[in-house]
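Comments concern the structure below.
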Amino acid sequence: MKIFLDTANIEEIKKGVDYGVVNGVTTNPSLVSKENREFLPLIKEITSILPGPISVEVTATDAGGMVEEAKKYAEIADNVVIKVPINLQGLKVIKQLYTLGIKTNCTLIFSSSQALLAAKAGATYVSPFVGRIDDISGNGMDLVGDIIQIFDNYAIETEIIVASIRHPLHFVEAALMGADIATIPFSTLAKLLNHPLTDIGMERFLKDWQKVKK
Ligand code: E4P
């Protein structure tokens, strides 16, 4: 399973890349707004930190406007992927960008039918938002399982990005199900690595090592 960082924060991305396990980045307007920086230079800087896919979201609400934004963002760097919302206008945009050879990440996926339509339109990735489904007492990971099964049924090549991950268990469940990618906040990446028994074990080994005759 590939790991993407779900952030627009340069320091977090640099720290994540330092872990040696980060394959890409997803951003969205909410994440970008937290950075208080000019949009295009921020995205340019992110694309220069790692060669993997960097999702950048369009904000126009009509297909024509979204395609214009997408073309502009795709010129920033070869690794830009255009994030497009799932709705009728979004489907049209995904199809047009597919014919132009521009990669897309279809976002705000909350049902398997939305994921299938996005894939049929030519999306490179679909992003089911598991945490937001859990937030309203649903089961986000059930949706991921359904999308995996449907894509398997028809050998669909669109990759599934498990998004809106809230905790390490979402990450582990995504891997057990065979999802292609999990996009996680930097805080979750740190949680995946740490374990108190590892720390205690290290402490004990180092203490005992002092007693060894050298
Ligand atoms: C990723 O593509 C999404 O934008 C992100 O995971 C949404 O996460 P949230 O539900 O925590 O805002």
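Be a star and scan segment 149-175 for residues whose amide nitrogen sits under 17 Å from the point 7 Å along the Cα-to-Cβ vector of His195. Output list for this probe position: 168-173, 175. Pairs exceeding a 22 Å alpha-carbon distance, out of Lys15/Lys44; Lys83/Lys191; Lys2/Lys95; Lys83/Lys120; Lys14/Lys207; Lys2/Lys191: Lys83/Lys191; Lys2/Lys95; Lys14/Lys207. Values of log10 I(q)/I(0) for segment 1-60 across q = 0.26 Å⁻¹ run -1.13, by the Debye formula with one identical scatterer at each alpha carbon and no solvent.
In terms of other Cβ atoms within 10 Å, Ser33, Ser111, Ser127 run from fewest to most in the order Ser33, Ser111, Ser127. Excluding same-chain neighbours fewer than eight residues apart, the aspartates and glutamates reachable from Lys71 by a Cα-Cα span under 20 Å are Glu38, Glu45, Glu57, Asp62. If you run the Gaussian network model on the chain, springs between alpha carbon atoms under 10 Å, then out of Phe39, Phe110, Phe171 the most flexible one is Phe39.
Angle of helix 196-211 to the longest C-alpha principal axis of the chain, folded into 0 to 90 degrees and rounded to 10: 30°. What the phi angles of segment 122-132 give under the Karplus curve with 6.51, -1.76 and 1.60, with θ = phi - 60°, is a coupling list of x, 5, 6, 9, 10, 10, x, 9, 5, x, 5 Hz, glycine and proline written as x.
Mind telling me which of Leu192, Leu50, Leu91 comes out most flexible in a GNM of the chain, alpha-carbon contacts under 10 Å? Its mean-square fluctuation being the largest, the pick is Leu192. Over 28 Å, how big is the tail of the calculated P(r) for the chain, in percent of all Cα pairs? Beyond 28 Å sits 31 percent of the P(r) for the chain.
Pairing the Cα long axis of helix 168-177 with the longest principal axis of the chain, what angle in degrees results, from 0 to 90 and rounded to the nearest 10? Taking Cα atoms only, the helix is inclined about 70 degrees. From helices alone, the chain scores -16000 deg cm²/dmol at 222 nm; the rule is -39500 (n - 2.57) for each run of n ≥ 4 DSSP H residues, then divide by the residue total. Three principal axis extents of segment 1-106 based on alpha-carbon atoms, in descending order, are 38, 31, 22 Å. Separation of segment 1-29 and segment 31-78, taken as the distance between their Cα centroids, equals 15 angstrom.
Against the chain, whose longest principal axis is taken from its Cα atoms, helix 112-121 shows a tilt of about 60°. With r as the distance between the Cβ atoms of Glu68 and Lys15 and R0 = 22 Å, compute the FRET efficiency 1/(1 + (r/R0)^6) and round to 0.05. Using R0 = 22 Å, I get an efficiency of 0.05.
Bear in mind that the values in this text are calculations on the coordinates, not laboratory data. Everything quoted here is computed from the prediction, not taken from an experiment. Heads up, the Cβs are rebuilt from the backbone with ideal geometry, glycines too, and the neighbour counts pull from every protein chain shown.
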